[in-house]
Amino acid sequence: MASTQVALVKNVWTQLTTTDKSGSINHQSGKTKVVYVEAAVTPAGLTPATPVMDSTIMGSSFVYWGVPAADFIWAYAVSENATITVSPKE
């Protein structure tokens with residue numbers, strides 16, 4: 001699968017994955033923290049109780065793997081819009 005650039009709107013959960021269950025995510029632009037969760041449906045807001053799987057700042061990245069068949073990875077830009085690149089493992 002090819003890499004995809006995703007524009008994130010601040011304070012909105014955005015679904016990043018569909019059928020891909022492993023790959024990497026790179027935070028390209030946006031001077032904000034982006035948090036990521038693994039869930040079957042859109043998370044309800046961001047609170048201290050949200051089960052965050054990882055977070056990034058501009059220029060950082062992380063690898064994901066083992067996402068269950070019924071789950072997806074969701075991203076949330078905390079204080080301003082951001083752009084990330086999702087690169088599924090083929």
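No lab work stands behind these numbers, since they all come straight from the coordinates. Keep in mind that this is a model prediction, so the values were computed, not measured. All Cβ positions, even for glycine, are placed from backbone atoms using ideal geometry, and neighbour counts span all protein chains on display.
Using +1 at the Cβ of each Lys and Arg and -1 at the Cβ of each Asp and Glu in the chain, identify which of PRO68, ILE25, ALA2 lies farthest towards the dipole's positive end.
So the residue we want is ILE25.
Amide H of SER24: which non-local residues (sequence gap of 5 or more, or other chain) have their own amide H closer than 5 Å, using H built in the peptide plane?
Hits under the 5 Å cutoff: TYR64, SER87, LYS89.
Considering all alpha-carbon pairs of the range 1-52, what whole percent are spaced by more than 19 angstrom?
Values: 416 of 1326 pairs.
So the pairs more than 19 Å apart make up 31 percent of the total in the range 1-52.
State the extension gain, in nm to one decimal, for the chain segment bounded by TRP65 and THR85, taking 0.36 nm per residue of separation less the distance between their alpha-carbons.
Numbers: separation 20, 0.36 × 20 = 7.20 nm, distance 1.60 nm.
Contour length minus Cα-Cα distance gives 5.6 nm.
Assigning unit charges at the beta carbon (Lys, Arg +1; Asp, Glu -1) and nothing else, what dipole magnitude in debye, to the nearest 20, does the range 4-88 show about its Cα centre? Before the final figure, lay out each step's value.
Working: 4 positive and 5 negative charges, 40 e Å.
It works out to roughly 200 debye.
What residues qualify as long-range amide H neighbours of LEU8, i.e. H under 5 Å apart, gap of 5 or more or another chain, H built at 1.01 Å from N?
ALA82, THR83, ILE84
For the range 66-90 and the range 1-54, what is the separation of their Cα centres, given in Å?
Between the Cα centres of the range 66-90 and the range 1-54 lies a distance of 3 Å.
How large is ³J(HN,Hα), in whole Hz, for each residue of the range 65-79 in order, when computed from phi with the Karplus curve 6.51 cos²θ - 1.76 cosθ + 1.60 and θ = phi - 60°, using x for Gly and Pro?
Residue by residue, the range 65-79 yields 7, x, 5, x, 3, 8, 10, 9, 9, 10, 10, 9, 7, 6, 10 Hz.
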